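Before any comments, here is the structure.
The values are calculated or read from the model by the stated rules, or taken from the named source; none is laboratory data. Keep in mind the model is a prediction, meaning the values are calculated, not measured. Cβ atoms come from the backbone with ideal geometry, glycine included; neighbour counts cover every protein chain shown.
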Amino acid sequence: MSDVIAVVFDFDDTLLPDSTTLLLESRGIDPDKFWKIDAKNLLDQGFDPTLAYLNLILQNIGPDKPFGNLRSEDLRAFGKTLDNKFFPGVKGLADELRAMVKEVAKDITIEFYIISGGLQDVIDGSDFVRSTFDATYGCLFGADESGTLKRIKRTITFTEKTRYLFEINKGISPLDTSKNQYLVNKHIPDRERRIPFKNMIYVGDGLTDIPCFSLIQKNGGTAFGIFKPAVAASAKRAFLEFVKTDRVASTHSPRFAAEEDLGALLRAAVTTSASRILLARKQAEFL
Ligand SMILES: [Mg+2]
């Protein structure tokens, strides 16, 4: 079995500004009203936050509504417009990390994933995402016979994000899962899992990332938290939620170039992971 390192990213506010907010703005929907009044109203009724926003989007789909007869292709077309929105240093990062891993050992590979509570069609619409990431996981709508999006097909909330970490860990592809939703529960002994959690690096910004942070850190991987220094509430929340509980190694602003703190630490985490794999192999030769 060849050794694989996985770098797993949240999407919104981690790799680029919140894509759902940008989508709402593109259709003339006031994001402040959407999140702070309409979505908040559903939260007050006990809705799960992800289901609240997905239901609100569905309510805005229809002949005389802001989204019109929204189709999956429309969301992908919008996703394509996000290609110039990624945070500094995001593009080019994967190629650089691949080269760094090859320096350590030619037969260690590195893969890149996105696990997001945002809309998967928007994420996959980006040319950059499709050319860079090995798999993406996000919320999905289902269409009616005419192709108009009408139902919620998949939500990814809080602890559900970890389900996809387990799929990556066990080597279960999105195609496998689309045929059997229960596959993630398959028992696979630790030593046979495709990507051990200790070979994973997770980068996320939000409360929905906390279960992933915990899972990765507890199992010997590395988690980095992102905060937006420009937004006081977000920065404070990131500080309070992440740092005090040892859930992440450290928190950083979303700048991924080599000379930035996050960029430097991410590179160090990847080369450390590769070196650790190499060391374990050499030790095994002497057993
Ligand atoms: Mg996020």
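Overview of results
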| item | result |
| --- | --- |
| Any helices (runs of 4 or more DSSP H) falling wholly within the range 15-92 and containing at least 2 residues that are within 16 Å of G118 (Cα to Cα), touching a residue at least 24 places away in the same chain (Cβ under 8 Å) and among the basic types (K, R) | 72-80 |
| Residue ID - surrounded by the most Cβ atoms within 10 Å (Cβ to Cβ), chosen from residues in the range 126-153 that are in a helix (DSSP H, G or I) and in contact with a Leu (Cβ under 9 Å, 6 or more places away or on another chain) | V129 |
| Residue list for the range 1-12, filter: away from the ligand (no atom under 16 Å from the Cβ) and either assigned to a loop (DSSP other than H, G, I, E, B) or in contact with a Phe, Trp or Tyr (Cβ under 8 Å, 6 or more places away or on another chain) (or both) | M1, S2, D3, A6 |
| Test: residue in the range 13-26 that is more than 16 Å from the ligand (Cβ to nearest atom), at pLDDT 95 or above and loosely packed, with under 15 Cβ neighbours inside 10 Å | yes |
| Which listed residue, of K228, K236, is away from the ligand (no atom under 15 Å from the Cβ) and at pLDDT below 90 | K236 |
| Top-ranked residue in the range 143-160 [being among the charged types (D, E, K, R) and at pLDDT 95 or above; ranked as farthest from F67 (Cα to Cα)] | R154 |
| The range 78-112, subset under 14 Å from V7 (Cα atoms) and either of a type in the set (F, W, Y) or within 14 Å of the chain's Cα centre (by Cα) (or both), residue farthest from the ligand (Cβ to nearest atom) | E111 |
| Test: residue in the range 250-262 that is within 16 Å of the ligand (Cβ to nearest atom), at pLDDT below 90, exposed (fewer than 12 other Cβ atoms within 10 Å of the Cβ) and not small (G, A, S) | no |
| Candidates I168, I156, I115, I123 - the one that is within 16 Å of the ligand (Cβ to nearest atom) and either part of a helix (DSSP H, G or I) or at positive phi (or both) | I123 |
| Residue within the range 216-225 that is within 23 Å of D12 (Cβ to Cβ), assigned to a helix (DSSP H, G or I), more than 16 Å from the ligand (Cβ to nearest atom) and more than 15 Å from the chain's Cα centre (by Cα) present | yes |
| Selection from the range 86-101 of residues that are within 20 Å of I123 (Cα to Cα) and either among the polar types (S, T, N, Q) or in contact with a helix residue (DSSP H, G or I) (Cβ under 7 Å, 6 or more places away or on another chain) (or both) | F86, G89, K91, A94 |
